[in-house]
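Worksheet for the structure shown next.
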Amino acid sequence: MALVALRLTVGWHFFYEGCWKIDPGNNFSAIPFLGMSKGPAAEMFYEMLPDVDGAVRLDIQQKEDPYNKGKKVDYFPAFDSTWAKFKTDFRSQYNPSSKQQAELDKLYKLYSQSQFEYAAAVKEEVAGYFAGYKRFKAQEAAKTNDAAHQRERNWDQMMKLRGEVNKWSGELSGMGEDMQLAFWRVLNHEQQNLGEMPKLVYGRNRIFLTFPFLGIHSWVDFLNFAVTWGLTAIGFCLMTGFCNRLAALGGAAFLVSVLLTQPPWPTIYPPVNDQVGHAMIVDKNFVEMIACLVLVSLPVGRWAGLDFFLWNCFGGKKLAQAYGLETKDGCAESCCCKESAETTQKAETAPKAEKSGKLNQKGKK
């Protein structure tokens with residue numbers, strides 16, 4: 001009963017966490033969590049973030065002004081190319097009239113020129129950012145000073161640099177969203193019934209395969225979908241006892257990734273927030289991971305769970321016996337109770353054999 005209760009409580013925790021993330025009103029995103037990773041594995045999780053340093057999105061180049069011949073303009077290639085593709089796709093999907101097309105061209109020119117002006121205005125600031133970021137990475141790689149105050153300073157510097165990236169890229173993304181909305185308002189009711197186009201995706205956030213019916217248009221969408229529905233599925237399977245061991249293994253793997261992003265180890269900055277408790281090496285995520293591993297090691301899903309039917313009615317038991325994972329008496333080949341039974345049998349047989357031997361010797365005499 002205690003193990004079944006453990007399975008249900010751990011399952012509910014995973015299930016509710018997933019359901020909370022499903023609610024659009026909660027605006028869940030995996031990006032802030034991954035971006036706050038710390039410790040030895042932090043760089044691995046930073047690599048999961050699309051263009052976290054802004055190297056692609058904030059790259060500023062020069063080109064011929066498409067609206068003023070003979071004049072050069074600064075622009076952001078990542079945003080400029082995405083907007084141009086959007087304009088082409090928009091025209092292909094909605095087939096606007098000549099009047100509508102003229103209005104769309106006018107709007108596109110307005111937002112393009114705004115982007116050019118913005119690039120010229122922040123060009124020096126962005127160049128300063130890239131120079132500072134390069135110095136920061138070089139200093140971090142050298143590791144010449146690992147004192148506590150230096151770790152704190154490095155973290156604060158990284159947060160400051162990322163804040164600058166988010167400010168500039170956020171303003172540019174906002175321009176793109178405003179342009180999409182302005183384009184949408186040009187359409188008539190019949191054209192709008194065809195449905196909205198997906199949000200604009202820039203730089204490394206693009207993915208080769210998209211799944212619009214699942215709301216996956218970018219790498220960030222994929223991460224959010226995987227975390228949200230992965231947690232929900234793990235929780236549901238644990239609560240119902242369906243594929244319990246596989247679900248528990250998935251839960252343990254997820255908690256390992258959580259521990260790697262936020263390890264409760266001494267000397268790592270920033271430390272765990274005091275408001276959520278105090279821990280060293282072992283925290284609540286570690287404890288729940290151990291609980292999941294316990295559920296992996298035992299057939300708890302067969303006890304008041306759907307695994308009972310999979311095991312007895314759908315060939316699970318026969319399959320395990322065919323591969324030698326379990327004997328016909330219901331024990332695994334390496335089960336401790338089987339070894340105990342063999343030891344007991346040998347212990348009971350030994351005195352009988354000794355007594356039989358003595359009787360045989362007396363008969364011969």
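The values are calculated or read from the model by the stated rules, or taken from the named source; none is laboratory data. The structure displayed is predicted, hence computed values, not measured ones. All Cβ positions, glycine included, derive from the backbone under ideal geometry; neighbour counts span all protein chains shown.
I'd like to check something: does segment 190-199 contain any residue that is touching a Ser or Thr at 6+ places or on another chain (Cβ under 9 Å), in a loop (DSSP other than H, G, I, E, B) and on the phi < 0 side of the Ramachandran plot? Spell out the reasoning first.
Restricting attention to segment 190-199, the residues satisfying the condition of being touching a Ser or Thr at 6+ places or on another chain (Cβ under 9 Å) are 198-199.
Keeping just the survivors that are in a loop (DSSP other than H, G, I, E, B) gives 198-199.
Then drop every residue that is not on the phi < 0 side of the Ramachandran plot, which leaves 198-199.
Yes, segment 190-199 has at least one match.
Does segment 298-317 hold any residues that are in a helix (DSSP H, G or I) and in contact (Cβ under 8 Å) with a residue 24 or more places away in the chain, and which are they? Walk me through it before giving the result.
So the first thing to find is which residues in segment 298-317 are in a helix (DSSP H, G or I), and the list is 300-302, 307-312, 316-317.
Within segment 298-317, V300, G301, R302, D307, F308, L310 qualify.
Of the conditions (1) in contact (Cβ under 8 Å) with a residue 60 or more places away in the chain; (2) in contact with a Leu (Cβ under 8 Å, 6 or more places away or on another chain), E177 satisfies every one except a single condition; which number is it?
Unmet condition: (1).
Quick check: anything in segment 3-25 of a type outside the set (D, E) and part of a loop (DSSP other than H, G, I, E, B)?
Initial filter on segment 3-25 (of a type outside the set (D, E)): 3-16, 18-22, 24-25.
Imposing the further condition that a residue be part of a loop (DSSP other than H, G, I, E, B) reduces the set to none.
Within segment 3-25 (the criterion being of a type outside the set (D, E) and part of a loop (DSSP other than H, G, I, E, B)), the answer is no, since none of the residues qualifies.
Every residue, every condition in (1) closer than 30 Å to Q100 by Cβ; (2) assigned by TED's automatic domain parsing to the domain that holds Q115, yes or no:
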position: A182; (1), (2): yes, yes
position: N188; (1), (2): yes, yes
position: Q192; (1), (2): yes, yes
position: E196; (1), (2): yes, yes
position: R204; (1), (2): no, yes
position: F208; (1), (2): no, yes
position: W265; (1), (2): no, no
position: I268; (1), (2): no, no
position: I281; (1), (2): no, no
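Those residues that are modelled with pLDDT of 90 or more and under 15 Å from M36 (Cα atoms), I need them from segment 252-296; list them, please.
Of everything in segment 252-296, those that are modelled with pLDDT of 90 or more and under 15 Å from M36 (Cα atoms) turn out to be S257, V258, L259, L260, T261.
Return the residues of segment 94-153 that are among the polar types (S, T, N, Q) and surrounded by 13 or more Cβ atoms within 10 Å (Cβ to Cβ); say none if nothing qualifies.
First pass over segment 94-153, keeping only residues among the polar types (S, T, N, Q): 95, 97-98, 100-101, 112-115, 139, 144-145, 150.
Answer for segment 94-153, where residues must be among the polar types (S, T, N, Q) and surrounded by 13 or more Cβ atoms within 10 Å (Cβ to Cβ): Q100, Q101, S112, Q113, S114, Q115, Q139, Q150.
If I ask for residues that are under 25 Å from V4 (Cβ atoms) and surrounded by 19 or more Cβ atoms within 10 Å (Cβ to Cβ), which ones from segment 215-238 would you list?
Once the filter is applied, which keeps residues that are under 25 Å from V4 (Cβ atoms) and surrounded by 19 or more Cβ atoms within 10 Å (Cβ to Cβ), segment 215-238 yields L231, T232, I234, G235, C237, L238.
Quickly run through segment 63-86 and pick out the residues that are free of Cβ contacts under 8 Å to residues at least 40 places away in the same chain and in contact with a helix residue (DSSP H, G or I) (Cβ under 9 Å, 6 or more places away or on another chain). Talk me through it step by step, then tell me what you get.
Initially, segment 63-86 is screened for residues free of Cβ contacts under 8 Å to residues at least 40 places away in the same chain, giving 63-64, 68-72, 77, 80-81, 84-85.
Result: K63, D80, A84.
Going by what's in this entry, would A253 be described as in contact (Cβ under 8 Å) with a residue 24 or more places away in the chain and either on the phi > 0 side of the Ramachandran plot or not assigned by TED's automatic domain parsing to the domain that holds R151 (or both)? Break it down stepwise before answering.
On the way: in contact (Cβ under 8 Å) with a residue 24 or more places away in the chain: no; either on the phi > 0 side of the Ramachandran plot or not assigned by TED's automatic domain parsing to the domain that holds R151 (or both): yes.
So A253 fails the test.
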